[in-house]
Amino acid sequence: ILNVEQSPQSLHVQEGDSTNFTCSFPSSNFYALHWYRWETAKSPEALFVMTLNGDEKKKGRISATLNTKEGYSYLYIKGSQPEDSATYLCACVNDYKLSFGAGTTVTVRA
Amino acid sequence: KAGVTQTPRYLIKTRGQQVTLSCSPISGHRSVSWYQQTPGQGLQFLFEYFSETQRNKGNFPGRFSGRQFSNSRSEMNVSTLELGDSALYLCASSLAGSSSYNSPLHFGNGTRLTVT
């Protein structure tokens, strides 16, 4: 079982503020890093899949970076909106096995 | 395109019984994987099927089993249910198989299983 860790576990953000949080994973035998957004009463939705060291992906106000050598990825939310409130999951693929972190729950206050 | 469909949405079972959950993937997706989520835990990988073959298995007891049919639909079975099996069970489909995890997973809405 891979040790994929996400921090912080939860955070509260004022509407309009930007925020970021971390996913740490084992760097050995790395294959890919996924980010998902999971809103209450919905199913997890894919945000990004990254494979290369230095990868940066962007989708609207959300972006992510990847450092495979040191084993971490950051997810950034710029100008947070109430609709960004969700749990953000990362998942790491090592040796062809996918392991999820426990998630970071973001609450955006209006 | 229809999304991933899981049935039923909710189930209540008694300890010792068995249960079968169903997952219909997005059309054209050949990989189906199953996950368990319990309170305070991340998604725990159960197993993955690709073209009717189990390609990967997580660390769950043999009471948890699955299969995939030729149309890529998958079923998961849990026998001799225990209270600790109460959880949300999610399935996900993807275009690629287990040897290529660079395509995203598409999740269903899950089956909420309660064991009493």
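Working only within the stretch A:44-63, note down all residues that are within 13 Å of chain B (Cβ to nearest Cβ) and of a type in the set (A, V, I, L, M, F, W, C).
Taking the stretch A:44-63 and keeping what is within 13 Å of chain B (Cβ to nearest Cβ), we get A:44-52, A:55, A:57, A:59.
Correct list: A:ALA46, A:LEU47, A:PHE48, A:VAL49, A:MET50, A:LEU52.
Just checking: which of the strands (runs of 3 or more DSSP E) contained wholly in chain A hold 1 or more residues that are among the basic types (Lys, Arg)?
On the way: elements: A:5-7, A:10-14, A:19-24, A:30-38, A:45-50, A:56-59, A:62-67, A:72-77, A:86-94, A:97-100, A:104-109.
Those strands (runs of 3 or more DSSP E) span A:30-38, A:56-59, A:97-100, A:104-109.
Please determine whether any residue of the stretch B:82-101 is modelled with pLDDT under 95, assigned to a loop (DSSP other than H, G, I, E, B) and of a type in the set (A, V, I, L, M).
Scanning the stretch B:82-101, I find at least one residue that is modelled with pLDDT under 95, assigned to a loop (DSSP other than H, G, I, E, B) and of a type in the set (A, V, I, L, M), so the answer is yes.
Which of the residues spanning the stretch A:71-106 are more than 14 Å from A:VAL4 (Cβ to Cβ) and among the basic types (Lys, Arg)? Walk me through how you get there before you give the answer.
Taking the stretch A:71-106 as the starting set, the residues that turn out to be more than 14 Å from A:VAL4 (Cβ to Cβ) are A:74, A:76-87, A:96, A:105-106.
A:LYS78 - this is the single residue of the stretch A:71-106 that is more than 14 Å from A:VAL4 (Cβ to Cβ) and among the basic types (Lys, Arg).
Here is a check on your reading of the model: is B:ARG30 farther than 24 Å from A:LYS42 by Cα and surrounded by fewer than 20 Cβ atoms within 10 Å (Cβ to Cβ)? Spell out how you get there, then give the answer.
Numbers: farther than 24 Å from A:LYS42 by Cα: no; surrounded by fewer than 20 Cβ atoms within 10 Å (Cβ to Cβ): yes.
Criteria not met by B:ARG30.
Could you list, in sequence order, the residues of the stretch B:27-55 that are under 22 Å from A:TRP38 (Cβ atoms) and polar (S, T, N, Q)?
Our first condition is that a residue be under 22 Å from A:TRP38 (Cβ atoms); within the stretch B:27-55, this holds for B:29, B:31-48.
Once the filter is applied, which keeps residues that are under 22 Å from A:TRP38 (Cβ atoms) and polar (S, T, N, Q), the stretch B:27-55 yields B:SER31, B:SER33, B:GLN36, B:GLN37, B:THR38, B:GLN41, B:GLN44.
When you check A:TYR36 against the structure, is it touching a Pro at 6+ places or on another chain (Cβ under 6 Å), within 11 Å of chain B (Cβ to nearest Cβ) and closer than 19 Å to A:GLU5 by Cβ, yes or no?
Numbers: touching a Pro at 6+ places or on another chain (Cβ under 6 Å): yes; within 11 Å of chain B (Cβ to nearest Cβ): yes; closer than 19 Å to A:GLU5 by Cβ: yes.
Yes: the conditions hold for A:TYR36.
The values are calculated or read from the model by the stated rules, or taken from the named source; none is laboratory data. Keep in mind that this is a model prediction, so the values were computed, not measured. When we count neighbours, we look across all protein chains shown, and the Cβ atoms used for this are built from the backbone with ideal geometry, even at glycine.
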